[in-house]
Amino acid sequence: MSTVRTTATTTLALSLALSLGGAPVLAETINYNSQGAKTTTYGTTTQSTTPARRSGTPAPATTTTTTTKTTNTATTATTTTKSTGGSADLVALQGPKQIIHSGATWKENATYLNIKQGQEILPLTMTITNGVNGASKVTGLRIMLNGRKLANETYFRGTDKFSIDMSGLLSAGDTQMAMQTFGPAGATISWVLTTGKIKVSEIKPDTAGPGDKLTITGKNLPKMASAYQIFVGKVAATIKAVTDKQIDFIVPSGLDGGKQTVTLYIAGVKCDPLYFKMKSSPEITGVNMIETTPASPFTISGKGFSTKASENVVTVGGTTCTVTSASATSLECFIPDSIQCPQRDIAVQVKTNGTEAKGNVTMCVTMRTIRSGESLPNDGIH
C-alpha cells in the first residue's frame with residue numbers, strides 16, 4: 001500500500017513588463033515550490049534552477065506576492081540598472097549600510113531613508129550589493145518602501161549589484177524602508193543612497209547688463225527650477241530654464257557696474273562663487289555747473305557709472321570730454337578748449353560700457369577764456 005503526500009505550492013510571482021518603442025511585452029514569472037526549487041518563465045520559455053539554500057529551509061511565509069514593473073513613455077513604476085562603476089561622480093547621501101542575515105527563515109530588516117530639505121528633488125539612486133567584503137550572499141530579498149514593493153533577489157540577475165531609481169519617491173525627512181532577507185547565516189548585503197556629484201564649471205557670457213540672460217553650465221544638475229536659488233551680489237535673480245547641464249537666469253537691475261559675484265544654491269547647498277562683469281545701467285541726475293567755460297572741470301552726478309574712468313564716455317553738446325576720475329555715483333570731467341561756444345542748454349550725455357545713461361541734463365558753455373599771451377582774432381575792428 002502506498003502513501004501519497006500532497007503539498008501545497010507556495011508561489012512568489014514577479015511580472016515584468018517592458019514596452020519600449022512598440023516592442024512586444026515580455027512577461028517574467030518566478031515560482032518557488034515547497035521543496036525550494038525555483039522556476040523562471042519568460043513568455044513561453046521555462047528555466048529551472050535550485051537556489052543555494054539549507055536543506056529543509058521553509059519557503060517565504062507569504063503565499064502569493066506580485067510586483068509589476070512597466071516602463072514606457074507614459075508610466076515608470078521602478079527602474080533598475082546594473083552598476084557600471086563611475087562612483088567618482090556620485091555623492092552618498094546615506095550609507096553604505098550593511099544588513100547581516102541571521103536565522104533560518106526570512107528576516108525583516110526595517111530602516112529609514114533620511115534626506116535633507118531640498119534633496120528630494122535631486123536625481124536619487126539606491127544601489128544594493130550582495131555578498132559584501134567576501135561574505136556569503138543572500139538568496140532571497142524583498143525591498144519595500146512604505147509598503148510599496150521595489151525589488152527582489154531577481155534584480156541581481158548576472159551580477160552582485162543593482163541600482164534602483166529613487167527620484168521622486170522620497171520626501172524630506174524619514175521614509176520607512178523594509179528589506180526582507182533569506183539565506184545562510186552571516187549573508188550580507190549593503191545599500192547606499194546616492195545622487196550625481198553636482199559640478200558647476202563656468203558662467204557665460206562674461207559681461208552682461210540688467211535684463212540680459214546668463215548661463216551657468218555644469219554636470220548632474222537637477223532638472224527642476226525649484227532646486228535653485230541664484231543671487232547676483234545680494235539681489236535675487238530670476239531663473240528662466242534648467243537642464244541637467246545648464247541654468248539660464250536673468251541679470252537683475254539695481255546693481256553697480258564692474259565685477260559681480262554670482263552665488264548659486266542647489267537644494268540648499270551653496271556652490272563655489274562665479275563671477276561676471278556687470279554692464280552698468282547708468283543714470284545722470286545732475287551736474288555741478290549750470291554754466292561753464294571751455295577748458296574747465298565739472299562733475300556729473302548719478303548712479304551706475306563704471307569705477308574705471310576709461311569705461312565712461314562723456315559728451316557735452318556732442319563734444320567728447322575727458323573723464324579724469326570715476327566712481328559708481330560721480331564722474332569728474334574736463335571740457336575741452338576746442339568746444340564751440342557760446343552754447344546754451346546743450347545735452348550732457350554718458351555711455352558706460354556702451355550703455356546710454358538715462359536722464360535729461362543740460363548745461364551752458366557761454367564764453368571763451370583768454371589766456372595770458374593769447375590774442376583775439378583780428379576781425380577788422382580797430
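The values are calculated or read from the model by the stated rules, or taken from the named source; none is laboratory data. Fair warning: this is a prediction, and the values are worked out from it, not measured in the lab. Ideal geometry is used to build each Cβ from the backbone, glycine not excepted, and the neighbour counts take in all protein chains shown. Surface areas here come from the heavy atoms of the whole protein model, side chains and all, with no ligands, DNA or RNA. Shrake-Rupley method; radii C 1.70, N 1.55, O 1.52, S 1.80 Å.
A compact table of results
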read-out: Search result, residues across the stretch 169-212 that are of a type in the set (G, A, S), open to solvent by 60 Å² or more (accessible area, probe 1.4 Å) and in contact (Cβ under 8 Å) with a residue 40 or more places away in the chain; value: S171, A185
read-out: Residue identified as of a type in the set (V, I, T), in contact with a strand residue (DSSP E or B) (Cβ under 8 Å, 6 or more places away or on another chain) and either in contact (Cβ under 8 Å) with a residue 40 or more places away in the chain or within 30 Å of A347 (Cβ to Cβ) (or both) among V242, V262; value: V262
read-out: Those residues of the stretch 302-326 which are out of contact with any Cys (no Cβ under 7 Å at 6 or more places or on another chain), surrounded by 19 or more Cβ atoms within 10 Å (Cβ to Cβ), among the β-branched types (V, I, T) and closer than 30 Å to L214 by Cβ, in sequence order; value: none
read-out: Restricting the stretch 340-360 to residues that are among the β-branched types (V, I, T) and at pLDDT 90 or above, the residue that is surrounded by the most Cβ atoms within 10 Å (Cβ to Cβ); value: V350
read-out: Total residues in the stretch 184-200, condition modelled with pLDDT under 90 and touching a strand residue (DSSP E or B) at 6+ places or on another chain (Cβ under 6 Å); value: 5
read-out: Odd one out for S102, checked against (1) at pLDDT 95 or above; (2) in a loop (DSSP other than H, G, I, E, B); value: (1)
read-out: Residue list for the stretch 236-260, filter: farther than 29 Å from G196 by Cα and open to solvent by 50 Å² or more (accessible area, probe 1.4 Å); value: S253, G254, D256, K259
read-out: Top-ranked residue in the stretch 310-353 [being of a type in the set (S, T, Y) and in a loop (DSSP other than H, G, I, E, B); ranked as farthest from I300 (Cα to Cα)]; value: S338
read-out: Scope the stretch 270-301; condition modelled with pLDDT under 90 and surrounded by fewer than 14 Cβ atoms within 10 Å (Cβ to Cβ); matching residues; value: K270, D272
read-out: For M224: the one exception among (1) open to solvent by less than 50 Å² (accessible area, probe 1.4 Å); (2) touching a helix residue (DSSP H, G or I) at 6+ places or on another chain (Cβ under 8 Å); value: (1)
read-out: Answer from T181, T154 - the residue that is more than 28 Å from the chain's Cα centre (by Cα) and either charged (D, E, K, R) or outside any strand (DSSP E or B) (or both); value: T154
